[in-house]
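Comments concern the structure below.
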Amino acid sequence: MACSSHYGNAIEEFCLAKFKLDMEVLDQRQWCSWEDTVESYGELTNCTFLVALKMNCFWPNQMVDEFFIRVHRHYFHDCSLSGRLLHDPPNRILGPFIVVPILVTLLMTALVVWRSKRSEGIV
């Protein structure tokens, strides 16, 4: 069954209100720390599910998707810049992983050329 706008109002009133309180307790710099927000985020997700269940709505649904997009835009819009993205290792670590295979390839090529020029023992 499709959900009415009452579902959207209910998750805003019941679920988002608690999530806002939980996030206000945290310093804004901690919003991108998954360890600090996972419990509140999980409660928010469960709340939207329980409200959908009580109102006989499918879950997830378009209203939930739009709700979480709004939550992410407000609370987590800068998180990708805060260290959640994977970064290349420092050059002192990355360098050997690049240089060693190149040197091994050159050494093996030189060895094959040198062995092919030696004709002794070949019948």
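Some values worked out for this structure:
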{"quantity": "Sequence-separation-based contact order of the chain, relative, with Cα cut under 8 Å and 6+ spacing, percent", "calculated": "27 percent"}
{"quantity": "The chain - convex hull of alpha carbons, volume per residue in Å³", "calculated": "209 Å³"}
{"quantity": "At R0 = 25 Å, FRET efficiency that the Cβ-Cβ distance of Gln28 and Leu50 yields, to 0.05", "calculated": "0.35"}
{"quantity": "All-pairs alpha carbon distance profile, the range 6-71, 10 Å steps from 0, percent", "calculated": "21, 53, 22, 3"}
{"quantity": "Dipole moment magnitude, nearest 20 debye, the chain about Cα centre, only Lys, Arg, Asp, Glu C-beta charged", "calculated": "900 debye"}
{"quantity": "Accessible surface ranking that places the most exposed of Arg115, Arg92 first, with a 1.4 angstrom probe", "calculated": "Arg92, Arg115"}
{"quantity": "Cut-off 14 Å (backbone N to label point 7 Å along Cα→Cβ of Trp59), residues of the range 15-30", "calculated": "15-16"}
{"quantity": "Net charge over other residues, Cβ less than 15 angstrom from the Cβ of Cys3 (K, R count +1; D, E count -1)", "calculated": "-3"}
{"quantity": "Accessible area of the chain belonging to carbon and sulfur atoms, whole % at 1.4 Å probe", "calculated": "63 percent"}
{"quantity": "Over the chain: helical MRE at 222 nm, DSSP H runs n ≥ 4 each giving -39500 (n - 2.57), nearest 500", "calculated": "-20500 deg cm²/dmol"}
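The values are calculated or read from the model by the stated rules, or taken from the named source; none is laboratory data. As the structure is a computational prediction, the values presented were derived from the model and not from experiment. For neighbour counting, all protein chains shown are included, and Cβ atoms are generated from backbone atoms with ideal geometry for every residue, glycine included. Just so you know, the surface numbers come from the protein's heavy atoms only, side chains and all, with ligands and any DNA or RNA stripped out. Shrake-Rupley method; radii C 1.70, N 1.55, O 1.52, S 1.80 Å.
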